[in-house]
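Participant: Have a look at this one.
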Amino acid sequence: MTDGEKNTPASPSGAGSVAPHSPPVAVPWYQNPWFWALPLFIGLLLLAGWLLWKEWQAAESRRAALERQTAEARQNNQAREAFLQRLRLLLEKQPCDIQRELDTIPPPDGALWPAPPETPALSPADAAEAPAVQTPLSPQRAATAPPASVAELLEQATVLILAQRKEGLSMGSGFFAAPGYIVTNAHVVGDASQATVVNKATGGPLAATVLHTTRSGGRDFAVLRVRDAPPITPLRLAAGVKRTERVSAWGFPGAVTTDDPKFAAMLQGSASAAPEVVYTDGAVSVILQRTPPIIVHTATVSQGNSGGPLVNDKGDVVGINTFIKLDDESYRQSSLAIVSASLADYLRSVGIPFGQAAPTAQTPAVQPARGGKP
């Protein structure tokens, strides 16, 4: 290779030539992916906001409809209660006034209250032979027929008690000791100030106010006041009790009552449903001379019987069933009741009237130990 060949530049189109770098090509704005990502993101946000707004509107519409329905139901309930109250006041009048004023009480909207069919006028002779027309009474004012037997007496006077305590709903038994007054155990109502009482004779659940309670000195008593109670014959307190005397326990033991279809219907809102009162019988095993004395008997009771009456064969209350005691070794159960003498002393101390059966020569009175005064 000569010097001339070394200095000769290579042709641009030659095989060994190197092309110069070209300038970058600009991408149009509409082909930039970041440009479209921003509107898409904004659109998704707007769509989500619109969906949330529609859902909020629907929720507000449902809430407004529920409030309207609640207000209408409350207004209807108030109108029905006012109607029933007018009927109760009317039923306290004479039958002639009831028949004359019944049509002047307009029923609330939606209430089925058909007017009685008109009957043709009767001649005086026909009217004398015609049977008397009985005006139906409301359930809570329905007259209760006098009991024809001890069983009917106990079925009318023994009630189921439901009390809403802080720890939950409590169920027990009780009985009418005086017109409008129910006696039960204090541990049945607990700290509740109100309770609900019901049986087949009450015509439906009745509201009761807890007037007095005591759990001192071995006593376990509570007195409930029931307004507008039907005229149920109260139970009398026996003057005494003796060993081997036949007794029976009445009440609403949970083991039986919770299986009663009428109890389930009552809890579901049926105003006319009431569970059946449960009866068991036995004998007085021993009277423990404690303060107050305790009757140990063989009539089977269980939870739910608390507060119910323990009666003799005449239907007089010899004790109030309060608790049971189980022997783990022999699997025997002892049913225990506080003597009615202690209950009578308590009712006197709080000014509650009650009826007491006259003592008999065969049944010595059992007085509370050490006087048993509150």
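Readers should treat all values here as calculations from the given coordinates under stated rules, not as data from a laboratory. The structure displayed is predicted, hence computed values, not measured ones. Here the Cβ is made from the backbone with ideal geometry for all residues, glycine too, and neighbour counts use every protein chain on show.
Participant: Pull out the extension gain between Gln57 and Leu326, defined as 0.36 nm times the separation in residues minus the alpha carbon to alpha carbon distance; nm, one decimal.
Facilitator: Values: separation 269, 0.36 × 269 = 96.84 nm, distance 6.17 nm.
Additional length available on full extension: 90.7 nm.
Participant: Sort Asp191, Asp316 by Cβ crowding within 10 Å, fewest neighbours at the top. If you can, show how the numbers build up before the last one.
Facilitator: Numbers: Asp191 11, Asp316 23.
So the residues, fewest neighbours to most, are Asp191, Asp316.
Participant: Here is a follow-up. Hey, what do the phi angles of the stretch 152-159 turn into as Karplus ³J(HN,Hα) couplings, whole Hz, using 6.51/-1.76/1.60 and θ = phi - 60°, x for Gly and Pro?
Facilitator: Once rounded to whole Hz, the list reads 5, 4, 6, 5, 7, 8, 8, 10.
Participant: Test of understanding: what is the full-extension gain from Leu47 to Thr214, defined as 0.36 nm times their sequence separation minus their Cα-Cα distance? Don't jump to the answer; show the numbers that get you there.
Facilitator: Details: separation 167, 0.36 × 167 = 60.12 nm, distance 6.68 nm.
Here the answer is 53.4 nm.
Participant: Which three extents, in angstrom, do the Cα atoms of the stretch 150-368 have along their principal axes, listed largest first?
Facilitator: For the stretch 150-368, the Cα spread along each principal axis is 47, 43, 33 Å.
Participant: Please work out how much length the chain gains when fully extended from Arg80 to Ala178, using 0.36 nm per residue of separation minus the C-alpha to C-alpha distance, in nm with one decimal. Let's see the in-between values first.
Facilitator: On the way: separation 98, 0.36 × 98 = 35.28 nm, distance 3.06 nm.
Fully extending the segment from Arg80 to Ala178 adds 32.2 nm.
Participant: Note down the nm distance, to one decimal, between modelled labels 7 Å out along Cα→Cβ at Thr298 and at Ser193.
Facilitator: Placing both labels 7 Å beyond Cα along the Cβ direction yields 4.7 nm.
Participant: Taking amide hydrogens as modeled 1.01 Å from N in the peptide plane, which residues meet the under 5 Å criterion relative to Leu237, leaving out close sequence neighbours?
Facilitator: Val317, Gly355, Gln356, Ala357
Participant: Next question, about the same structure. Calculate, for Lys262 and Ala151, the FRET efficiency according to 1/(1 + (r/R0)^6) with r their C-beta to C-beta distance and R0 25 Å; round to the nearest 0.05.
Facilitator: Working: r = 18 Å, r/R0 = 0.72.
Using R0 = 25 Å, I get an efficiency of 0.90.
Participant: Within a 10 angstrom radius of the beta carbon, how do Val339, Val286, Val296 rank from fewest other beta carbons to most?
Facilitator: Working: Val339 29, Val286 12, Val296 15.
Taking fewest neighbouring Cβ atoms as first place, the list is Val286, Val296, Val339.
Participant: Considering only DSSP states other than H, G, I, E and B, which GluC sites (Glu not before Pro) in the stretch 141-217 qualify as loop sites with at most 11 other Cβ atoms within 10 Å? Please report the intermediate quantities before stating the final value.
Facilitator: Working: sites: Glu152, Glu155, Glu167; in loops: Glu167.
When the GluC sites (Glu not before Pro) of the stretch 141-217 are filtered for loop state and at most 11 Cβ neighbours within 10 Å, Glu167 remain.
Participant: Same structure, new question: Neighbouring Cβ atoms within 10 Å as the yardstick, rank Ile232, Ile42, Ile295 fewest first.
Facilitator: Ile42, Ile232, Ile295
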